[in-house]
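Comments concern the structure below.
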2 protein chains.
Amino acid sequence: MNAYEQMTKAEREAELKKVRAEFDALCAKKLSLNMARGKPGAHQLDLSTDMLTIVNDPAQCKIDGIDARNYGELAGLPSAKKLFAEILGVTPEQCFIGGSASLQLMYDAIAKAYSNGMLHSEKPWSKLDTVKWLCPAPGYDRHFKVSQNFGMELITVPMTAEGPDMDLVEELIKDPAVKGMWNVPKYSNPDGIVYSDETIRRLASMKPAAPDFMLMWDNAYCVHEFGCEFKPFADILSLCEQYGNADMVFEFASTSKITFPGAGISVMATSVANQKYLQPLINVQIISYDKVNQLRHVRFLQDKEHTLALMKKHAAILGPKFKTVLDALDAEIAPLDIAQYNRPVGGYFVSLNAMHGTAKRTLQLCKEAGVTMTGAGATFPYGKDPNDSNIRIAPSLPPVEELEQAIAIFCNCLKLSALEKLGL
Amino acid sequence: MNAYEQMTKAEREAELKKVRAEFDALCAKKLSLNMARGKPGAHQLDLSTDMLTIVNDPAQCKIDGIDARNYGELAGLPSAKKLFAEILGVTPEQCFIGGSASLQLMYDAIAKAYSNGMLHSEKPWSKLDTVKWLCPAPGYDRHFKVSQNFGMELITVPMTAEGPDMDLVEELIKDPAVKGMWNVPKYSNPDGIVYSDETIRRLASMKPAAPDFMLMWDNAYCVHEFGCEFKPFADILSLCEQYGNADMVFEFASTSKITFPGAGISVMATSVANQKYLQPLINVQIISYDKVNQLRHVRFLQDKEHTLALMKKHAAILGPKFKTVLDALDAEIAPLDIAQYNRPVGGYFVSLNAMHGTAKRTLQLCKEAGVTMTGAGATFPYGKDPNDSNIRIAPSLPPVEELEQAIAIFCNCLKLSALEKLGL
């Protein structure tokens, strides 16, 4: 029983009155604050200002014998492949460099499965009656929407502290209609969970019934520590290969939260056999991605060591923001025990589970008080949280002083919705 | 009868001996020249050097109240929409700004028809047995490959001096399985033909049986004159709307041949109703395209007037290259009458029709002599030219001195293949 449940009716009535008065006072401030999406703040963007002018004349535009300004090099500049290969621990030949969005590369990989079939597919998936997809949840709403766009049946797999529930996964993949699975293996969105070595081993060694199963490995936060030193991570491509699953895995990363979210570069790392199969299909839609921007990134980030040094500067900005959120939750919410939340050391989110049946109402109250949050349910397939409980908090965008106001409002709304739910 | 056909056996034997000796001498030079693709040359790329540094600090990254570095603005910066809207004669609301490739936007539009259906579709096209597509030919190989990728049945429509054969088009669209048509209305690839006003009017006023017919309007060379003043063109969106076909047309353009081919920006212009329908579907695959690069283009190109001034500088480089090609053909080929060719005043290609049955052989000989050309047949659906005749010459990439060598080799190979074909 949480603190509110333990109260007498009179105590709860008094508390509700107090909390509602606070809420009204907050609304009267007519604030406009945003903790909705994992958007870096302006100070983080300023860390990459030098990138704007690092490629500044025609001579600078040539690298690896290639003029980055002209057409060509579908799979990207060799030097850009080398940069991502070092960061991910894969080989340059396994890398395909894309534009500003790794989401586009994920979408495209699945879109090819639909229109053309993958390397080991019997036929294009558009010709199948049913395609099912495993969705560890809470998870990333945009992943789920890609699967939904193609009419897949989304299957929720609960997250544990070690990653997705592997007993369940191993059972579900016996169904040949189950064609793939989303994963954010490091600092999962939104839980901030790092998959354990054992979870990763079990995933790499799976034997799905579908020969063209796609293990989607969105390593969005691979170098994104803010609360600890850089944690090395396993090369999932090698691991899958060891277990005879070389063509099963598709790993993605981007510089969206390293340099500029709106003007970064992205990578899809997969087996050379998959690259050979997919690149001619991708060439139907594009001659080459923006190589001048690839070159800016190569010159600015240089290598893994310099990239990690830049990430320390991001951490110095992000760390205090996460502390602001957690300090407020620790002070206002933990003593009441009306919600549980994670304490991530990397990634972009704090995941909070409110009293069942209060997430939607909490976010509605936040909106009324001028704080925009990710919609309730967004972290579950079809946008439906069965418990109406999970809330994703994104502390990165607002400056600390605004964040303090926003999280204070959020704590008030959490309390108010819990009291409303319990009734009098 | 051409000059070779009119020769006696002995004359032809002597000519063959002479032409083959020239060919052998050319091969001995071991050259490596390229007239394969419509790639701008280095001097053209240098015209946009200022764009590399035009957005050079954080304050410069803000426009229209938007920080171009961060996520957001799926349809592009308002100022980028305004720029393309002025050039195309459409409204900003009708514009969606994409990444470095307009081909990607064309592919995506058709891919959405497949996976989701278009605004007026009964169901996704992947659920239909047959989809047919009209392909004016000679045409652009990459267009045809997009259609082929989705398993469409490609129907060849002959090109006339006025554009596609409209009598045939008006007949073919009575079939509800005919879902769309490729067009390059200005300086068509490869013929360099500008559609006549009457052709454009007939296209805009078509009444296809398919309610979701897509008139694909690739205005790739809309401001790309090199041999005359800028020719204004009709706004196809307004024209279609006048005839009750507002949602039928999708117009595309890019800066690939204005600024940098490998680092430009692109646009899809279509009705506001289509934009409202398509943008949420596009949002499933991408949060936003590279807005910093959009901003570079806005600041560098400024408006239509400045863009046209830049195109004059391109013309000053391209004009002499096309003259080199045409002068050589006029001197070497025209007197023999063994091939016919167009005299374009814009675009990127010279289209040549060789003696039937000699295009493949000509290009094979070119290859042996060190000149890379677009593959024979590439300008026809399925890569099959029924007459083995059409050859696309792309003079833009090599410097004039290399181009002189390349076109001399090409003329020699044309003669040799004609003589071989006629036999002794």
Handout entry: P(r) of the stretch A:180-240 over all Cα-Cα pairs, binned every 5 Å from zero, in whole percent
Key = 4, 16, 29, 25, 15, 8, 3, 2
Exercise for the section: Would you mind pulling out the separation of the Cα centroids of the stretch B:174-246 and the stretch A:235-303, in Å? Expected result: 37 Å
Exercise for the section: Keeping every protein chain in place, order A:103, A:128 by accessible area at 1.4 Å, biggest value first, i.e. largest first. Expected result: A:128, A:103
Problem - Rg/Rh for the protein assembly as shown, where both radii come from Cα atoms and Rh is the Kirkwood radius - result: 1.02
Practice task
Quantify how strongly other chains surround peptide A:50-62 by giving the mean number of their Cβ atoms within 10 Å of each of its Cβ atoms.
Solution key: 4
Completion exercise
Of all DSSP beta bridges with both partners in the protein assembly as shown, the antiparallel percent, nearest 5, is 50 percent
Handout entry: Rounded accessible area of residue A:402 (nearest 10 Å², 1.4 Å probe)
Key = 70 Å²
Handout entry: Average accessible area per residue (Å²) across chain B - probe 1.4 Å, nucleic acids and ligands excluded
Key = 36 Å²
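Sum up the charges of everything whose Cβ sits under 13 Å from the Cβ of residue B:109, counting Lys and Arg as +1 and Asp and Glu as -1, but leave residue B:109 out.
Residues close to residue B:109 contribute a combined charge of -3.
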Fill in the blank from the handout: For chain A, the Cα convex hull volume per residue in Å³ comes to 138 Å³
Practice task
Only Lys, Arg, Asp and Glu count, each charged at its Cβ (+1, +1, -1, -1), so figure out the dipole size of the stretch B:1-45 about its Cα centre, rounded to 20 debye.
Solution key: 300 debye
Practice task
Rounding to the nearest 20 debye, state how big the charge dipole of chain B is about its Cα centre with +1 on each Lys and Arg Cβ and -1 on each Asp and Glu Cβ.
Solution key: 840 debye
Completion exercise
SASA check, residue B:43, accessible area w/ 1.4 Å probe, all protein chains in place, rounded to nearest 10 Å², comes out at 130 Å²
Exercise for the section: Every other copy gets compared here: list the nm distances from the residue A:243 label point (7 Å along Cα to Cβ) to its counterparts, shortest first, one decimal. Expected result: 5.9
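I'd like to know how the stretch B:311-373 sits against the 2.2 N^0.38 Å rule of thumb: what's its Cα Rg over that expected value?
Here the Cα radius of gyration is 1.25 times the empirical estimate.
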Completion exercise
For the stretch A:52-136, inverting the pair-averaged 1/r of distinct alpha-carbon atoms gives a Kirkwood value in Å of 15.8 Å
Completion exercise
Taking Lys and Arg as +1 and Asp and Glu as -1, residues besides residue A:269 with C-beta under 11 Å from its C-beta add up to -2
Handout entry: All aspartates and glutamates inside 14 Å of residue A:9 as judged from Cα atoms, apart from same-chain residues fewer than 8 positions distant
Key = A:420
Exercise for the section: Lys and Arg at +1, Asp and Glu at -1: add these up for the other residues within a Cβ distance under 11 Å of residue B:280 and post the number. Expected result: +3
Exercise for the section: Using only Cα atoms, find the angle between the long axis of helix A:304-332 and the longest principal axis of chain A, and express it within 0 to 90 degrees, rounded to the nearest 10. Expected result: 20 degrees
Handout entry: 18 Å Cα-Cα reach of residue A:62 towards aspartates and glutamates, excluding residues that sit fewer than 8 places from it in its own chain
Key = A:73, A:290, B:46, B:50
Problem - For the stretch A:143-182, alpha-carbon Rg and Dmax in angstrom - result: 10.9, 30
Handout entry: Enclosed volume per residue, in Å³, of the convex hull spanned by Cα atoms of the stretch A:237-294
Key = 97 Å³
Handout entry: Inter-chain shielding of A:261-268 (mean C-beta neighbours from other protein chains, 10 Å cut-off)
Key = 6
Fill in the blank from the handout: Both in Å, the radius of gyration and Dmax of the C-alpha trace of the stretch B:126-196 are 12.2, 38
Exercise for the section: Starting from the exponent 0.38 and prefactor 2.2 Å, build the expected Rg for the stretch A:1-104 from its residue count and divide its actual Cα Rg by it. Expected result: 2.09
Exercise for the section: Please name whichever of A:183, A:366, A:28 sits farthest to the positive end of the charge dipole of the protein assembly as shown, dipole taken about the Cα centre and charges placed at Cβ: Lys and Arg +1, Asp and Glu -1. Expected result: A:28
Problem - Label-point separation in nm, residue A:29 to residue B:196, each point 7 Å along Cα→Cβ - result: 7.1 nm
Fill in the blank from the handout: In whole percents, the bins of 10 Å from zero upward hold the Cα-Cα pairs of the stretch B:290-401 as 12, 34, 28, 17, 9, 0
Practice task
Calculate how large, on average over all directions, the projected area of the Cα convex hull of the stretch B:16-61 is; give the answer in nm² to one decimal.
Solution key: 5.7 nm²
Problem - At least 40 Å² accessible surface lost relative to isolated chain, residues of the stretch A:133-169 (1.4 Å probe) - result: A:142, A:149
Handout entry: lysines whose Cα lies under 17 Å from that of residue B:360, excluding same-chain neighbours fewer than 8 positions away
Key = B:384, B:415, B:421
Exercise for the section: Partner chain Cβ atoms within 10 Å, averaged over the residues of B:68-80 - can you pull that number for me? Expected result: 4
Practice task
Report P(r) for the stretch B:135-255: all Cα-Cα distances, bin width 10 Å, range 0 to the bin holding the largest distance, values in whole percent.
Solution key: 13, 48, 34, 5, 0
Exercise for the section: Take every DSSP beta bridge with both residues inside the stretch A:212-295 and express the antiparallel ones as a percent of the total, to the nearest 5. Expected result: 50 percent
Problem - Span from the the stretch A:1-76 Cα centroid across to the the stretch B:59-138 one, whole angstrom - result: 27 Å
Fill in the blank from the handout: Relative contact order in percent for chain A (Cα pairs under 8 Å, 6+ apart) equals 27 percent
Handout entry: Estimated buried accessible area (total), pair A and B, 1.4 Å, Å² to nearest 100
Key = 4500 Å²
Practice task
Could you estimate the translational diffusion coefficient of the stretch A:348-421 from the Stokes-Einstein equation, with Rh from the Kirkwood formula over C-alpha pairs, at 10 °C and 1.306 mPa s, in whole µm²/s?
Solution key: 129 µm²/s
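In Å, the Kirkwood hydrodynamic radius of the stretch A:52-96 over pairs of distinct alpha carbons?
11.5 Å
The values are calculated or read from the model by the stated rules, or taken from the named source; none is laboratory data. Everything quoted here is computed from the prediction, not taken from an experiment. Cβ sites come from the backbone with ideal geometry, for glycine too, and all protein chains shown count toward neighbours. Side chains included, ligands, DNA and RNA excluded: accessible areas come from the protein's heavy atoms. Shrake-Rupley method; radii C 1.70, N 1.55, O 1.52, S 1.80 Å.
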